[in-house]
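Down below is the structure, laid out as structure tokens.
The values are calculated or read from the model by the stated rules, or taken from the named source; none is laboratory data. What you see is a predicted model; the values in this text were computed from it and never measured. Heads up, the Cβs are rebuilt from the backbone with ideal geometry, glycines too, and the neighbour counts pull from every protein chain shown.
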């Protein structure tokens, strides 16, 4: 898990769909990678997220980008 960013999967079943494969191409910093059954989140890359939102365009509300640094300030 990243120190600053966490990719929260709200619908784990989505990562096993063909549509989820679009995440691999959409993410410029390789947070998503092809897996045996769909797509996996590469937890080591989470902090590389640029908050571009392309993954959210693909996944909608099935994913959430959590800014851990905002939670820490509360």
Restrict the check to the range 50-58 and report whether at least one residue is crowded, with 16+ Cβ neighbours inside 10 Å, at pLDDT 95 or above and in contact with a helix residue (DSSP H, G or I) (Cβ under 7 Å, 6 or more places away or on another chain).
yes
Filter the range 26-49 for residues that are in contact with a helix residue (DSSP H, G or I) (Cβ under 9 Å, 6 or more places away or on another chain) and over 16 Å from residue 64 (Cα atoms); the one that is surrounded by the fewest Cβ atoms within 10 Å (Cβ to Cβ) is 37
